[in-house]
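The values are calculated or read from the model by the stated rules, or taken from the named source; none is laboratory data. Keep in mind the model is a prediction, meaning the values are calculated, not measured. Please note: Cβ atoms are built from the backbone with ideal geometry, for glycine as well, and neighbour counts cover all protein chains shown. Ligands, DNA and RNA are stripped out before the accessible areas are found, and what is left, the full protein with its side chains, is counted by its heavy atoms. Shrake-Rupley method; radii C 1.70, N 1.55, O 1.52, S 1.80 Å.
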Amino acid sequence: MIADDTIFALSSGQPPAAIGILRISGPVAGKALAGLTGGLPEPRVGTLRNITDMVNGEMLDQALCLWFPGPNSATGEDLAEIHCHGGRAVIRAIEGALEQINGLRRAEPGEFTRRAFTNGRIDLAEAEGLSDLLFAETELQRKAAVRNAGGALSRKVEDWQDRILQLSAQVEAELDFSDEDDVTPAQADRVRQAVQSLVGEMSGLLARPRAEKLRDGIRVVLGGPPNSGKSTLLNALVEREAAIVSDIAGTTRDVIEVPIALGGVPFLFIDTAGVRESGVEVIEQIGIDRARQQFASADIILWLGEQGQGPRSDNLVEVGSRSDHPDHVPKGEGSFTLSPVSGEGMDALVDFLIGKAKDILPDIDQVSINARQADHLAAACENLAVMMDETDYLIVAEHLRMARKALDAITGRASTEDMLDGLFGKFCIGK
């Protein structure tokens with residue numbers, strides 16, 4: 001990957017489609033567009049042009065062309081777009097013509113967005129929000145990703161950085177122009193109050209549910225002994241035959257995971273092997289061990305066995321799933337009685353799961369952070385907290401510097417190449 005290369009890629013959906021958008025970014029972008037169309041259009045004005053092969057003069061298509069001179073473009077460098085007809089043959093022909101131009105090459109995954117980051121058009125927090133937006137499948141995921149891609153977290157971090165920088169300037173001034181013993185209690189108190197306010201705001205954000213929960217979905221684990229109706233309930237919840245249903249004990253040997261959205265809320269339903277203590281052969285025991293591992297990481301456990309016999313967890317919900325069976329014995333107060341076969345009680349269970357999930361998920365009207373961002377924010381918060389009662393301004397200045405450095409890592413000012421490769425490599429080719 002060479003930053004000075006000019007890259008191109010199809011940035012719209014895979015053909016055939018009504019429209020195909022080919023994006024070109026880099027120092028040769030203007031030359032490439034002018035060569036294919038006979039000249040550059042007015043910047044940022046869509047212009048209808050004939051697309052012509054520069055080698056044989058053959059007309060390839062008639063397309064809407066756009067020219068964005070850098071640095072005021074999506075990538076921060078010269079950028080051109082060709083909005084052509086979306087047939088496979090048309091797109092192949094234009095891509096072939098672009099490949100013949102010296103200095104152009106096909107883009108790697110996420111390279112357009114990485115250039116935008118490198119050139120300061122977006123920061124790392126915005127890039128992570130954009131990544132989440134590309135993979136969003138539910139309305140909640142989309143709204144949260146739009147907020148972060150639009151810079152909500154970055155603006156909050158920038159405000160903290162500015163305030164810490166002001167404190168650093170005050171502390172450095174005291175160190176430069178006063179003896180250490182001359183720092184007055186009033187001056188120290190002003191710094192302490194400002195730091196206390198920052199710690200309170202950062203702690204509040206750290207206390208919110210992590211963004212990964214919204215991205216990955218609420219983990220709902222179905223547990224119980226063999227033949228308690230777990231697989232039948234799973235199939236009813238996801239409305240398809242995701243798990244094999246059989247009267248043979250131990251049919252489910254491994255973990256079955258099914259992602260689905262209910263009421264716009266992302267869930268990951270997990271069917272597990274039946275839990276029992278006797279009559280277990282080796283392979284079934286492995287499945288039981290995996291089931292217990294799933295219980296430990298569950299957000300919600302739907303227990304279909306005898307009441308009170310499930311794993312110890314505050315997230316356990318008692319479910320009697322065979323209300324239509326002649327031998328059904330209702331569970332106690334607070335449990336759900338239902339039948340996946342007849343549909344009795346299913347709506348009540350789904351409504352409960354959606355309501356419970358919204359208590360677990362981050363509030364989409366507020367900024368949320370992922371685990372990487374939380375680690376750096378916690379480091380910044382810790383550095384500020386430990387200096388609350390510190391009277392040595394040399395130590396105070398160092399903790400302020402470390403706090404700024406931790407916040408810089410959230411927005412990518414102190415990033416590593418490996419982390420960037422991991423993030424941008426998940427993007428599609430034309431992004």
Residue list for region 208-234, filter: closer than 16 Å to Gly320 by Cα and in a helix (DSSP H, G or I): Lys230, Ser231, Thr232, Leu233, Leu234
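Look at Asp359 and say whether it is at pLDDT 90 or above and open to solvent by 70 Å² or more (accessible area, probe 1.4 Å).
Working: at pLDDT 90 or above: no; open to solvent by 70 Å² or more (accessible area, probe 1.4 Å): yes.
Spelling it out, it is not the case that Asp359 is at pLDDT 90 or above and open to solvent by 70 Å² or more (accessible area, probe 1.4 Å).
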Considering residues of region 315-333 that are more than 18 Å from Val221 (Cα to Cα) and modelled with pLDDT of 80 or more only, the residue most open to solvent (accessible area, probe 1.4 Å): Glu333
Among the residues listed as Arg121, Arg115, the single one being under 30 Å from Ser73 (Cα atoms), surrounded by 14 or more Cβ atoms within 10 Å (Cβ to Cβ), in contact with a strand residue (DSSP E or B) (Cβ under 8 Å, 6 or more places away or on another chain) and not hydrophobic (A, V, I, L, M, F, W, C): Arg115
Test: residue in region 53-65 that is out of contact with any helix residue (DSSP H, G or I) (no Cβ under 8 Å at 6 or more places or on another chain), touching a residue at least 12 places away in the same chain (Cβ under 8 Å), on the phi < 0 side of the Ramachandran plot and open to solvent by 50 Å² or more (accessible area, probe 1.4 Å): yes
Residue in region 24-46 that is surrounded by 18 or more Cβ atoms within 10 Å (Cβ to Cβ) and part of a strand (DSSP E or B) present: yes
Candidates Gly76, Gly86, Gly96, Gly151, filtered to the one that is surrounded by fewer than 16 Cβ atoms within 10 Å (Cβ to Cβ) and more than 29 Å from Ile260 (Cβ to Cβ): Gly96
Test: residue in region 344-361 that is out of contact with any Ser or Thr (no Cβ under 7 Å at 6 or more places or on another chain), over 30 Å from Ala144 (Cβ atoms) and in contact (Cβ under 8 Å) with a residue 24 or more places away in the chain: no
Those residues of region 334-370 which are more than 26 Å from Ala127 (Cα to Cα) and part of a loop (DSSP other than H, G, I, E, B), in sequence order: Gly334, Ser335, Leu338, Ser339, Pro340, Val341, Ser342, Gly343, Glu344, Gly345
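Outside any strand (DSSP E or B), touching a helix residue (DSSP H, G or I) at 6+ places or on another chain (Cβ under 6 Å) and modelled with pLDDT of 85 or more - does that describe any residue in region 271-278?
Residues of region 271-278 that are outside any strand (DSSP E or B), as a first pass: 272-278.
Subset that is touching a helix residue (DSSP H, G or I) at 6+ places or on another chain (Cβ under 6 Å): 272-273, 275.
Then keep just the ones that are modelled with pLDDT of 85 or more; that gives 272.
Looking for residues that are outside any strand (DSSP E or B), touching a helix residue (DSSP H, G or I) at 6+ places or on another chain (Cβ under 6 Å) and modelled with pLDDT of 85 or more, one finds at least one in region 271-278, hence yes.
If we scan region 406-417, do we find a residue that is open to solvent by less than 70 Å² (accessible area, probe 1.4 Å), among the small types (Gly, Ala, Ser) and either within 30 Å of Asp189 (Cα to Cα) or not in a loop (DSSP other than H, G, I, E, B) (or both)? First the steps, then the outcome.
Within region 406-417, the first condition is being open to solvent by less than 70 Å² (accessible area, probe 1.4 Å), and the residues that meet it are 406-412, 414-415.
Checking the rest, the ones that are also among the small types (Gly, Ala, Ser) come to 406, 409, 412, 414-415.
Filter once more, keeping what is either within 30 Å of Asp189 (Cα to Cα) or not in a loop (DSSP other than H, G, I, E, B) (or both): 406, 409.
Checked region 406-417: at least one residue is open to solvent by less than 70 Å² (accessible area, probe 1.4 Å), among the small types (Gly, Ala, Ser) and either within 30 Å of Asp189 (Cα to Cα) or not in a loop (DSSP other than H, G, I, E, B) (or both).
Scan region 181-207 residue by residue and report those that are in a loop (DSSP other than H, G, I, E, B) and open to solvent by 50 Å² or more (accessible area, probe 1.4 Å). Steps first, please.
Here is the first cut: in region 181-207, the residues in a loop (DSSP other than H, G, I, E, B) are 183-184, 207.
Residues satisfying the conditions are Thr184, Ala207.
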Residue selected from region 128-141 under the condition part of a helix (DSSP H, G or I) and surrounded by fewer than 16 Cβ atoms within 10 Å (Cβ to Cβ), by the criterion farthest from the chain's Cα centre (by Cα): Glu139
